[in-house]
């Protein structure tokens, strides 16, 4: 499905979707428990993959809207009867890889073409170091993966600059091993706030994990037991970033985004980025509302080492801002659903932006950019699609984005929300 979006003005009040990161972790945490209810969950293509995985290990997920009634497997995942298909969800595959290490037998994990190109090697090495057997069928550290357990815990050493999800996976699984797991980081941890999210979710489920001088640690033989048997998912700042950006570039009368309660999400940094760029923005933390209006933005330098999912949004803002916007420390953003650094450089260039791409830096020369509608490729990546849609709000003429259906990964209602606040949005057959 293609999306056509023309220069528009937006205004009104919208609600942020639930957090994808928290939803993934809550579903699996409920799976590790004897059973729990997850309320306000994001139901998307990615989180459905995690629901299916919980079912494959012997649990069950009953869904009523955004309420998930999860029957867990009590910390003892069974051997799946079939291959576990993680579709396009990298979070699912990494969290499930460690879970598979607990099963007393062989688990096979796969996904779509994009997911089968993403790096899993360090996590496989970690499971081997913990006494399991974990390998890539193609010997390249990428899915399909074959995992044999059970592991009983211990000490493990992994790099921190590829994916924080390796740490999350090991902490979540380590809590139900006999000995717990101590994770030593070989390099600086990128995307560190995502591990903070994990520790926050574990704490609500009654599981203690902590940072150490060299990494992270979780003791074994713990029980996943949330208070009152429930967990409520907060709003998602990654998805919120597109709404806030839309307000900053295309809302003369102001856009209010509800559901913005403070949490451990690193992507709440988008508020600070917009403030530094000169946006008229105000965050009422107590009531969880952010108000933002169209502003004359200026370019800034942003380090996305801890906030890789914000790169596409910031790149689009940079194309609208006056002056240069430098996005630094971004090499790890190349290993997402697509190479998001190159994708944004190439697609913004099609729209008339002046962009310089380096291995670890993306510079958008806003003062030399004049956005005009064009046909652009969403690259099968939800974050690329949504960021290009924001650019389409201010580009002269009409922008046509391929692969609009991929917003289902994290924000299925995105284009409906944009339409409701005034955007000129149309769906077209590809």
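The values are calculated or read from the model by the stated rules, or taken from the named source; none is laboratory data. Remember, it's a predicted structure, so these values are computed and weren't measured experimentally. With ideal geometry, Cβ positions are generated from the backbone for all residues, glycine too; neighbour counts draw on all protein chains shown.
Taking residue 241 as the residue in question, decide whether it is touching a helix residue (DSSP H, G or I) at 6+ places or on another chain (Cβ under 7 Å), assigned by TED's automatic domain parsing to the domain that holds residue 326 and within 30 Å of residue 323 (Cα to Cα).
No; evaluated as a whole, the condition is false for this residue.
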query: Pick from 25, 66, 15: which is surrounded by fewer than 17 Cβ atoms within 10 Å (Cβ to Cβ) and closer than 30 Å to residue 248 by Cβ?
result: 66
message: Please determine whether any residue of region 129-138 is surrounded by 23 or more Cβ atoms within 10 Å (Cβ to Cβ), within 17 Å of residue 173 (Cβ to Cβ) and at pLDDT 95 or above.
response: yes
query: Here are some residues: 362, 388. Which one is surrounded by 22 or more Cβ atoms within 10 Å (Cβ to Cβ), closer than 24 Å to residue 334 by Cβ, free of Cβ contacts under 8 Å to residues at least 60 places away in the same chain and in contact with a strand residue (DSSP E or B) (Cβ under 7 Å, 6 or more places away or on another chain)?
result: 362
- line: Exactly one of 92, 107 is assigned by TED's automatic domain parsing to the domain that holds residue 33 and within 22 Å of residue 335 (Cα to Cα), and that one is 92
Leading residue by the ranking (modelled with the lowest pLDDT) among those in region 144-167 that are over 12 Å from residue 182 (Cα atoms) and crowded, with 24+ Cβ neighbours inside 10 Å: 163
message: Tell me whether region 132-152 contains one or more residues that are assigned by TED's automatic domain parsing to the domain that holds residue 80 and closer than 23 Å to residue 307 by Cα.
response: no
Residue that is modelled with pLDDT of 95 or more, surrounded by fewer than 24 Cβ atoms within 10 Å (Cβ to Cβ), touching a helix residue (DSSP H, G or I) at 6+ places or on another chain (Cβ under 6 Å) and more than 24 Å from residue 220 (Cβ to Cβ), where the choices are 45, 87, 49, 81: 87
- prompt: Of the numbered conditions (1) surrounded by fewer than 19 Cβ atoms within 10 Å (Cβ to Cβ); (2) within 21 Å of residue 224 (Cα to Cα), residue 4 satisfies every one except a single condition; which is it?
  reply: (2)
task: State the number of residues belonging to region 182-202 that are in contact with a strand residue (DSSP E or B) (Cβ under 9 Å, 6 or more places away or on another chain), closer than 16 Å to residue 90 by Cβ and either surrounded by fewer than 22 Cβ atoms within 10 Å (Cβ to Cβ) or at pLDDT below 95 (or both).
output: 0
